[in-house]
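Structure record follows, encoded as structure tokens.
The values are calculated or read from the model by the stated rules, or taken from the named source; none is laboratory data. What you are looking at is a predicted structure, and each value in this text was computed from that prediction instead of being measured. Positions of Cβ are generated from backbone atoms using ideal geometry, with glycine treated the same way; all protein chains shown enter the neighbour counts.
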Amino acid sequence: MSREVLNKVSEKRSRNMSAIKSKNTKPEIAVRKLLHSMGYRFRLHRKDLPGSPDIVLPKYKTVIFVHGCFWHRHENCKYASSPKTRKEFWENKFQANVKRDLEIQEKIKNLGWQSVVIWECEIKNKEIKDRLLLIKKD
Ligand SMILES: [Zn+2]
């Protein structure tokens, strides 16, 4: 991504932009804390699984991806806004991200693992705990 583009996006977006590549992001840490409080044992960033998932629960053969709404295009989410300039550039970029996510999830499924996607905007919802509880029940 060129510097010119980087400068054009808002500060919030550029924070998200760095988040897509970095590990141990705030939302990820929040999910880890929650899992820990629920008694889950997990491993982080396992390179031997497709997409190097953020959080891996080996006992349940489950991986958890913590996705930023903007970059991973959370459907109907207010945080997944579309930039007004350079539409085509962004569309291509977003499509590539979504395609990649789906491919990774497919690969994980083919290995006999389950993948759970937690959206950044969901982390503060109470329902998230219920979703995480389902992992134990599956
Ligand atoms: Zn969202």
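Among the criteria (1) surrounded by fewer than 18 Cβ atoms within 10 Å (Cβ to Cβ); (2) of a type in the set (A, V, I, L, M); (3) within 16 Å of the ligand (Cβ to nearest atom), the one Leu102 does not fulfil is (3).
Can you list the helices (runs of 4 or more DSSP H) found entirely within the range 36-138 that contain at least 1 residues being of a type outside the set (Ser, Thr, Tyr), over 15 Å from the mean Cα position of the chain (by Cα) and farther than 19 Å from Lys26 by Cβ?
Numbers: elements: 69-72, 87-110, 127-137.
Fully inside the range 36-138 and qualifying: 87-110, 127-137.
State whether the residues of the range 18-40 include one that is out of contact with any Lys or Arg (no Cβ under 9 Å at 6 or more places or on another chain), within 16 Å of Ile135 (Cβ to Cβ) and within 16 Å of the ligand (Cβ to nearest atom). Within the range 18-40, one or more residues are out of contact with any Lys or Arg (no Cβ under 9 Å at 6 or more places or on another chain), within 16 Å of Ile135 (Cβ to Cβ) and within 16 Å of the ligand (Cβ to nearest atom). Given the residues Ala30, Ala80, which is the only one that is out of contact with any Leu (no Cβ under 9 Å at 6 or more places or on another chain) and in contact (Cβ under 8 Å) with a residue 60 or more places away in the chain? Of Ala30, Ala80, the one residue that is out of contact with any Leu (no Cβ under 9 Å at 6 or more places or on another chain) and in contact (Cβ under 8 Å) with a residue 60 or more places away in the chain is Ala30.
Can you confirm whether Glu120 is within 16 Å of the ligand (Cβ to nearest atom) and either in contact with a Gly (Cβ under 9 Å, 6 or more places away or on another chain) or at pLDDT 95 or above (or both)?
Judged against the criteria, Glu120 is a match.
Taking the criterion of being within 16 Å of the ligand (Cβ to nearest atom), surrounded by 13 or more Cβ atoms within 10 Å (Cβ to Cβ) and within 13 Å of Gln105 (Cβ to Cβ), would at least one residue in the range 43-53 satisfy it? No. Of all the criteria given as (1) free of Cβ contacts under 8 Å to residues at least 12 places away in the same chain; (2) touching a helix residue (DSSP H, G or I) at 6+ places or on another chain (Cβ under 6 Å); (3) among the polar types (S, T, N, Q), the one not satisfied by Thr62 is (1). In the range 108-135, the residues that are more than 20 Å from Cys69 (Cβ to Cβ) form Cβ pairs under 7 Å with partners that are part of a helix (DSSP H, G or I) and away from the ligand (no atom under 12 Å from the Cβ), at six or more places apart or across chains, as follows: Ile135/Tyr60. For the range 123-138, the set of residues classified as surrounded by fewer than 16 Cβ atoms within 10 Å (Cβ to Cβ), of a type outside the set (Lys, Arg) and more than 16 Å from the ligand (Cβ to nearest atom) consists of Asp130, Leu133, Leu134, Asp138, listed by residue number. Looking at the range 23-35, which of its residues are in a helix (DSSP H, G or I) and out of contact with any Asp or Glu (no Cβ under 6 Å at 6 or more places or on another chain)? Scanning the range 23-35 gives Lys26, Ile29, Ala30, Val31, Arg32, Lys33, Leu34, Leu35.
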